[in-house]
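In what follows, a structure is listed as structure tokens, so that the remarks can point back to it.
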Ligand SMILES: Nc1ncnc2c1ncn2[C@@H]1O[C@H](COP(=O)(O)OP(=O)(O)OP(=O)(O)O)[C@@H](O)[C@H]1O
Ligand SMILES: [Mg+2]
């Protein structure tokens, strides 16, 4: 039972990060291969606080969230100014992620490459509570004027600007929100695994987040969340496949992209399906 | 205060060696419909891009209601009262017609990210006000039946009107229309002309209209500005323009003799 519970909790934690990438990539239309860096910042900030200073867990989570949000400004402010060139950001965040890993490896507060051993604080209540709150707040934001502005930028930045939208500020907001969600995810992850190491927050993880959003459906909250659950639990469920596990995982992605190029949910929510049936 | 809402003076913009707009000066009278015509490549769309700050002028000035627009970002120009449509339709394709029209209204709304996160009553009130205003605009333009359809699935004519509706939702004092009747037949063009006149009356906007359908221009514009190779060729009332030998030679004439310009 514990084994399955652990998988479910890790999947929930991953969902929070996927939610962040869904805001940034799915709704605002900007690509990032570096959001694992924000998970790392959330993990290390909260981990250092509980490890060195015994800070209460809730404060550690909030600090991880804030640190991730603030650090996203460091890359976002200089790169998101380029109006129609979102590739500046994509490149900058890749470098940022690498630089950050080197920092984690060499600081004493992070215990370097050996990693930090932490208490296993992220129990079922914390994790599911955080997930519910994050989904609720993110959905509110995406249904608000900001969600509409995000989507209009994704659809056509030139026309969005001609609708009176400040591209820079709106994109920056989307980035900060997505980084904060990743920060929360990182804080929970650190205290779920009870151990963090710099190598955990790399390009592979960023790629998986992005793959979840694309396979789940850009412009959907529920699609990426469902897919991320499948992706996190699948490697465990497919353990009997042994070395064929990763190819199977890749195959699943390919199949989704062939049969549903718009992703599992496309630009809809799973709740829309039920609503349609009810009519 | 002069009765010109828009004053363009000595406007020049070069792209490499090309003088796309070359020392152009003209006015658009307040609450009027001014036509901007000229052969393909004359620089008409570039004038719109300069007014809306998509491009910076190489030299010259653009004033709106007496205020210089120099140095503003495009979204600031929109907020100071200019909005436009695009020669090649640019809608928010995967959003509904209603969402397209609501976007500029929501962009101006005031509630911040935190009250949006918690869905406060004031955030919801702003949202429903925006929805109402969007419906009023769509009704006026005659596209309210398509409100909940995805923009990319709409017929071409409705897409053109949707773009006008979205531009009006910016609450402009100056509305720039870039070939709104492109690809329409005569009957559709006439109907669009009526829509444009109604928009001018109902929303109190000044309109600057680029069109290749000369009959539409002659029907609804009080004043016409003719450009050729970036420069002003002539300007005046429809009758003056029709008689102007330079215009007949350079533009109207060429069209009549088989439209070889395109
Ligand atoms: N971004 C740009 N870079 C380089 N040249 C440009 C650019 N924009 C416009 N031009 C050039 O400026 C000139 C005027 O173009 P513009 O699009 O303003 O013409 P137009 O009058 O709108 O023509 P049409 O009736 O075909 O729409 C053309 O020669 C065009 O190639
Ligand atoms: Mg043009």
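Some values worked out for this structure:
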{"read-out": "Helices (runs of 4 or more DSSP H) wholly inside region A:133-248 containing at least 1 residues that are away from chain B (no Cβ under 14 Å), over 28 Å from residue B:150 (Cβ atoms) and modelled with pLDDT of 95 or more", "value": "A:167-193"}
{"read-out": "Residue in region B:169-183 that is farthest from the chain's Cα centre (by Cα), counting only those that are farther than 18 Å from residue B:43 by Cα and surrounded by fewer than 21 Cβ atoms within 10 Å (Cβ to Cβ)", "value": "B:183"}
{"read-out": "Filter pass, residue B:136 being at pLDDT 95 or above and within 17 Å of residue B:95 (Cβ to Cβ)", "value": "no"}
{"read-out": "1 or more residues out of contact with any helix residue (DSSP H, G or I) (no Cβ under 8 Å at 6 or more places or on another chain) and within 16 Å of ligand 2 (Cβ to nearest atom): qualifying helices (runs of 4 or more DSSP H) within region B:1-113", "value": "B:44-51"}
{"read-out": "Count of region B:17-36 residues which are crowded, with 19+ Cβ neighbours inside 10 Å and near ligand 1 (Cβ under 9 Å from one of its atoms)", "value": "3"}
{"read-out": "Of the criteria (1) in contact (Cβ under 8 Å) with a residue 40 or more places away in the chain; (2) more than 9 Å from every other protein chain (Cβ to nearest Cβ), which one residue B:92 fails", "value": "(2)"}
{"read-out": "Hits in region B:150-184 (condition: in contact with a strand residue (DSSP E or B) (Cβ under 7 Å, 6 or more places away or on another chain) and away from chain A (no Cβ under 14 Å))", "value": "B:179"}
{"read-out": "Counted residues, region A:1-51 - those being within 18 Å of residue A:119 (Cα to Cα) and not in a helix (DSSP H, G or I)", "value": "0"}
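Residue by residue, here is whether (1) under 25 Å from residue B:181 (Cα atoms); (2) crowded, with 19+ Cβ neighbours inside 10 Å; (3) away from ligand 1 (no atom under 14 Å from the Cβ) holds:
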position	(1), (2), (3)
B:46	yes, yes, no
B:69	no, yes, yes
B:92	yes, yes, yes
B:98	yes, yes, yes
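The values are calculated or read from the model by the stated rules, or taken from the named source; none is laboratory data. Just so it is clear, the structure is predicted and the values come from calculations on it, not from any experiment. Please note: Cβ atoms are built from the backbone with ideal geometry, for glycine as well, and neighbour counts cover all protein chains shown.
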